[in-house]
1. Under 5 Å between amide hydrogens, which residues at least 5 positions from ILE211 or on another chain qualify, with H placed 1.01 Å from N in the peptide plane?
2. Given +1 on the Cβ of Lys and Arg, -1 on the Cβ of Asp and Glu, and no further charges, what dipole in debye does the chain carry about its Cα centre, rounded to the nearest 20?
3. Does the stretch 222-284 come out rounded, prolate or oblate, given a ≥ b ≥ c as the square roots of the eigenvalues of its C-alpha gyration tensor, rounded meaning a/c under 1.5 and, failing that, prolate meaning a/b above b/c?
4. Taking loop as defined by DSSP and a crowding limit of 12 other beta carbons within 10 Å, which GluC sites (Glu not before Pro) in the stretch 225-288 fit?
5. If each of ALA72 and LEU52 carries a label point 7 Å out from its Cα toward its Cβ, how far apart are those two points in nm?
6. Report the residue, chosen from GLY43, GLY35, GLY161, that carries the largest GNM mean-square fluctuation when the chain is represented by alpha-carbon nodes joined by springs under 10 Å.
7. Which residue fluctuates most in the GNM of the chain (Cα springs below 10 Å): ASN88, ASN18, ASN111?
8. Please list 3J(HN,Hα) in residue order for the stretch 137-142, calculated via the Karplus relation 6.51 cos²θ - 1.76 cosθ + 1.60 where θ = phi - 60°; whole Hz, with x for glycine and proline.
Amino acid sequence: MENILELQQVSKTFSKSNFALENVTFSLPYGSIMGFVGENGAGKTTTIGCILNTIAKDSGMVKLFGKEMTDADTDMREKIGVVYDGDNFPAYWTAAQLAKVMSGFYKQWDNILFQKFLKEYKLPANQKIKQYSRGMTMKLAIAVALSHHPQLLILDEATGGLDPVVRDEMLDTFLDFVQEEDHSILLSSHITSDLEKVADYITFIHNGKLIMTVSKNDLVYNYAVMRCRENQFLALDPADIIVYRKRDFQIDVLVSDCKAMQRKYKEIVIDHVSVDEFFLLLVRGDHV
């Protein structure tokens, strides 16, 4: 079994908002981290809802651990850890009270592991959650998600609003988690620098439609942007152009084989592309 998560042609329409998730298809292999990138309202949270069966999809198929999940599949849910952006737990609880509640929810709840996370993350066990900082509440949510020994972590903007030191701490935790070959993470995030650090694959979604899934290594080492003057752009082979975007005195061209383009177009400046620029070109660029 190669993939821990598979989506095939998943669609969902919300008639009141005129938003539609259209035929979203991607796979997350075991032992890897996938970044899930899109602007606000692109469909990331809706997709996650369809994966977790908290939103009823209109069509398509979602497979977790090789099978489709139903409401009765409590054992399968035990293997999934989820962290949402925002309030994950009642603010008037303490971490100690939360642990007691979670031990009743999860058969595999590991209180020794949870206490280890509280100590490591410097989270007071008897302080009300409402007195925690934003970073502390997200650390707590991640500690809870990990303390019932899941195989799949699904994180919806879990690093948003955190300072760089806390984010780096979280990213280290995620990398430790996927050292186990049967563990994987789906990480929805606006902070593309985080994904550049930890993701193995990045899936881009825009206006409810999946644009592309690409391996990070491919994006970093093979994709590139050619910075063209107009006469240089007009001389390009159209087959080499994925998308292009006109700027003031320059045309940026996204290409998929950096080294081949350097050999073919020796006079053109070619830069490696960041996740941000890659996404912007895919969304706002023009096709030949």
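1. Distant-sequence amide H within range of ILE211: PHE204, ILE205, HIS206.
2. 580 debye
3. Working: a/c = 1.61, a/b = 1.14, b/c = 1.41.
Since a/c reaches 1.5 but b/c is at least a/b, the shape of the stretch 222-284 is classed as oblate.
4. On the way: sites: GLU230, GLU267, GLU277; in loops: GLU267.
Sites meeting the loop and neighbour criteria: GLU267.
5. My value for the distance between the label points is 2.3 nm.
6. Of GLY43, GLY35, GLY161, the most mobile in the Gaussian network model is GLY161.
7. Checking each option, the largest mean-square fluctuation is seen for ASN18.
8. Karplus-based 3J(HN,Hα) across the stretch 137-142 equals 5, 6, 4, 4, 4, 6 Hz.
Readers should treat all values here as calculations from the given coordinates under stated rules, not as data from a laboratory. What you see is a predicted model; the values in this text were computed from it and never measured. Cβ coordinates were reconstructed from backbone atoms using ideal geometry, including for glycine residues, and neighbour counts include every protein chain displayed.
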